[in-house]
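Colleague: Next up is a structure, given as structure tokens.
Where a number appears in this text, it was derived from the coordinates with a stated rule and is not lab data. Predicted, not measured: the structure shown is a model, and the values here were computed from it. Cβ: placed from backbone, ideal geometry, glycine included. Neighbour counts: every protein chain shown.
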């Protein structure tokens, strides 16, 4: 059961990072800015989509 949670978490992280990277590219910003903003948004201090930070690390 824990593996399914890890897969779902990784899918969320990769999906949001993809969207953030594309948004940064459209705004003519470095892609890393999109990745950083994505991490802040989905992390425990943002929308809390990723609760198990240790699993992602």
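Colleague: What's the exposure ranking of 35, 45, going from fewest to most Cβ atoms within 10 Å?
Modeller: Working: 35 16, 45 8.
Fewest-to-most ranking of 35, 45: 45, 35.
Colleague: Further question: Using a basic spin-label model with each label point 7 Å from the Cα along Cα→Cβ, how many nm lie between residue 5 and residue 25?
Modeller: According to this spin-label approximation, the distance is 3.4 nm.
Colleague: Right, next: Report the residue, chosen from 26, 14, 36, that carries the largest GNM mean-square fluctuation when the chain is represented by alpha-carbon nodes joined by springs under 10 Å.
Modeller: Taking springs between Cα atoms under 10 Å, the residue moving most is 26.
Colleague: May I ask for the angle, rounded to the nearest 10°, between helix 31-42 and the longest principal axis of the chain, with both axes built from Cα atoms and the value confined to 0 to 90°?
Modeller: 40
Colleague: With each pseudo-label sitting 7 Å past Cα toward Cβ, what's the residue 33-residue 12 distance in nm, one decimal?
Modeller: So the two model labels end up 2.7 nm from each other.
Colleague: Helix 2-26: angle to the longest alpha-carbon principal axis of the chain, degrees 0 to 90, nearest 10?
Modeller: Once rounded, one gets 0 degrees.
Colleague: Moving to a separate point now. Just one of (1) 47, 23, 11; (2) 64, 38, 11; (3) 41, 19, 16 is Cα extents along the principal axes in Å calculated from these coordinates, so which is it?
Modeller: Structure-derived value, by its label: (3).
Colleague: While we're looking at this one, here's another question. For Cα pairs less than 8 Å apart in space and 6+ apart in sequence, what is the mean separation divided by the residue count of the chain, i.e. the relative contact order in percent?
Modeller: On the way: 47 pairs, mean separation 17.1, N = 57.
Relative contact order here is 30 percent.
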